[in-house]
Amino acid sequence: MSIASEALRSSKARVVLGAIAAWALFQLWLTIAAPGKISPELTVTSEKVNVQIELPFTPERFHVLAFQQYGRVSGTDEHSIELRGVKRTDLNAVARPYWVTAVGPIKEGG
């Protein structure tokens, strides 16, 4: 009997493998869903864009700090964060968190 077949017979190993599979599927879903959250209006030719990140809740310090690695946070609103100078190559990374509902251009005059 091999080690792999013994591990698959163990209920603990099946639980661990199930948890790993669920985590991998969740990561895959985040990667696939990210481009759909990005507004088509952001397909401009400039290298950097200014974006407004929509959230289903009021942003807290954690969310602001999480986005500072992609650009300069210029403000927050009731359910959004304004981020300036985001590289177009980082837009998928900005849209990837499950708590981001949409990424679009900054709404002027707010």
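Just so you know, all these numbers are worked out from the coordinates, no wet-lab data involved. No experiment lies behind these values; they were computed from the predicted model shown. All Cβ positions, glycine included, derive from the backbone under ideal geometry; neighbour counts span all protein chains shown.
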Enumerate by residue number the chymotrypsin sites (Phe, Trp or Tyr not before Pro) in segment 5-76 meeting two conditions: DSSP loop (anything except H, G, I, E, B), and at most 16 other Cβ atoms within 10 Å of the site's Cβ. Phe57
How far is helix 11-37 tilted, in degrees, relative to the longest principal axis of the Cα atoms in the chain, given as a value from 0 to 90 rounded to the nearest 10? 20
In units of 2.2 N^0.38 Å, the Cα radius of gyration of the chain is 1.46
Give me the percent of DSSP beta bridges within the chain that run antiparallel, rounded to the nearest 5. 95
The chain, Gaussian network, Cα under 10 Å: of Ile81, Ile32, Ile53, the residue fluctuating most is Ile32
Size of electric dipole in the chain: Cβ of Lys, Arg +1 and of Asp, Glu -1, about Cα centre, debye, nearest 20: 460
Hey, which lysines would be in cross-link range of Lys37, C-alpha to C-alpha under 21 Å, not counting anything within fewer than 8 residues on its own chain? Lys48, Lys87, Lys107
With a cut-off of at most 12 other beta carbons within 10 Å, and DSSP calling the residue loop, which GluC sites (Glu not before Pro) in segment 1-87 qualify? Please list them. Glu47, Glu60, Glu78
In nanometres, what is the gap between the two model label sites at Val64 and Ser11, each 7 Å from Cα along Cα-to-Cβ? 4.9
Choose one answer from Ser74, Ser39, Ser11: the residue with the largest mean-square fluctuation in a GNM of the chain with alpha-carbon springs under 10 Å. Ser11
Inter-site label distance for Leu42 and Ala93 at 7 Å from Cα along Cβ, in nm: 1.3
